[in-house]
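Nothing in this text is a laboratory measurement; each read-out follows from the coordinates by a stated rule. What you see is a predicted model; the values in this text were computed from it and never measured. No Cβ is skipped: glycine too gets one built from the backbone with ideal geometry, and neighbour counts run over all protein chains shown.
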Amino acid sequence: MTTYATILRVEGETVILQSKEKAGCACGDKGDGSACCSAKPPVTFQAATPPSLVLNPGDVVEVGTPSGMLLWDFIRLIVLPLGLAVTGALLFPQAQALGGLGGLVLGFLIQLPFSPSKRVKSLPQVLRVLPSFDLKTLAL
């Protein structure tokens, strides 16, 4: 998944971005002159920058998630704790609830050292700087 954003600040290997998403309206026109949609405020977020790109505040960029990051996060945060909870419950049939809870806690404790916590490689990445002619085409 990719999105478009404007660079607010460049901070070493990362940039602070503001989303360029437009507010959408799924409800349609009611015919009475009332608007059911409101503009969403822009989202500010951080992204990693490849060393090959020269980025400046005000540039509009395409931002995406690194391949495999979502799958790894799903395995780390969901599959591992739940798998250990089921294993703990099966290993201790006399105290299944306690074994399951112990497995769940162990699963979360095992994944703590791998927690992203602002590591650059776990951030979304700037894929490219959009040339000005792309901005007109995309109406950004």
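Annotations
- Placing a pseudo-label 7 Å from each Cα along the Cα-to-Cβ vector at Leu77 and Leu101 gives an inter-label distance of 2.5 nm.
- Over region 67-115, relative contact order from alpha-carbon pairs under 8 Å, at least 6 apart, %: 35
- With a Förster radius of 35 Å applied to the beta-carbon distance between Met1 and Leu90, the computed FRET efficiency rounds to 0.40.
- 3J(HN,Hα) from dihedral phi, region 92-103, Karplus parametrisation 6.51/-1.76/1.60, rounded to Hz, x for glycine, proline: 10, x, 6, 9, 4, 4, 5, x, x, 5, x, x
- Taking only the C-alpha atoms of region 67-115, Rg followed by Dmax gives 11.9, 43 Å.
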